[in-house]
1. Quote the accessible area belonging to Thr78 in square angstrom, nearest 10, computed with a 1.4 Å probe and with ligands, DNA and RNA left uncounted.
2. Under 19 Å between alpha carbons, and skipping anything fewer than 8 positions from Lys49 in its own chain: which lysines qualify?
3. Give the accessible surface of the chain per residue, rounded to a whole number of Å², with probe radius 1.4 Å and ligands, DNA and RNA excluded.
4. Could you order peptides 156-168, 30-42 by the average number of other Cβ atoms within 10 Å of their residues, highest first?
5. List the aspartates and glutamates whose Cα sits under 12 Å from the Cα of Lys132, skipping any in the same chain fewer than 8 residues away.
6. Compute the Cα gyration tensor for segment 41-80, then decide on rounded, prolate or oblate, letting a ≥ b ≥ c be the square roots of its eigenvalues: rounded whenever a/c is under 1.5, prolate when a/b is larger than b/c in the other cases, and oblate in all that remain.
7. For the chain, divide the Cα radius of gyration by the Kirkwood radius and give the resulting Rg/Rh value with two decimals.
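The values are calculated or read from the model by the stated rules, or taken from the named source; none is laboratory data. These figures come from a predicted structure and were not determined experimentally. Reconstructed Cβ throughout: ideal geometry from the backbone, glycine too, with neighbour counts over all protein chains shown. Side chains are part of the model used for accessible areas, which takes the heavy atoms of the whole protein and leaves out ligands, DNA and RNA. Shrake-Rupley method; radii C 1.70, N 1.55, O 1.52, S 1.80 Å.
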Amino acid sequence: PFVLSTSFGLADRLRRNRLEIERTKKSLNERIKELNCLYSISTIVDFYKGNPEKIYQEVVNIIPPNWQNPENTCASITIRNKTFYTDNFQITPWKLTCNIIENEIIIGRIDVFHLEDVREYGNEPLLEEEHKLLYDIAERISLVVKNERFETELELHSQNLERMVAEKTQ
């Protein structure tokens, strides 16, 4: 009897260890997707520099594949009264929203929706890490907006300088 209870205890510990390894593996895979998402955004911003609308559309398209339940996720980015959607966009009750802020002013938002309630599959509808990822995406979009504004201001200053030089040399 003593040997039997020890082997049952060992089997139980092995089962718990396997479950913990599976949970850790799943969590690490989600973190990898999040890092890939942020890397992809950096690549998109570099590639489409000077074309913010293309950046916003490409960014909204990469959000669902990097979410916990990609086949059940859609998203939109609204910025300055213009909205960019994923192809499968639908408004549902399962929503996560993050504001896009520039100079302490809300200039837009990102909305991520689940197309159905994923709790019935034993999943949390929105992970804490997804909240953080959405915040990070909003920060990066805010930087795109700032850079766009700085580029416009730089162009205006450059034109004014050229005009002033032309006036002085005539």
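1. Using a 1.4 Å probe on the heavy atoms, I get roughly 30 Å².
2. Excluding near neighbours in sequence, the set is Lys82, Lys146.
3. For the chain, the solvent-accessible area averages 67 Å² per residue.
4. 30-42, 156-168
5. The reachable aspartates and glutamates, counting only those whose Cα sits under 12 Å from Lys132, are Glu34.
6. Because a/c hits 1.5 or more and a/b fails to exceed b/c, segment 41-80 counts as oblate.
7. Answer for the chain: 1.25.
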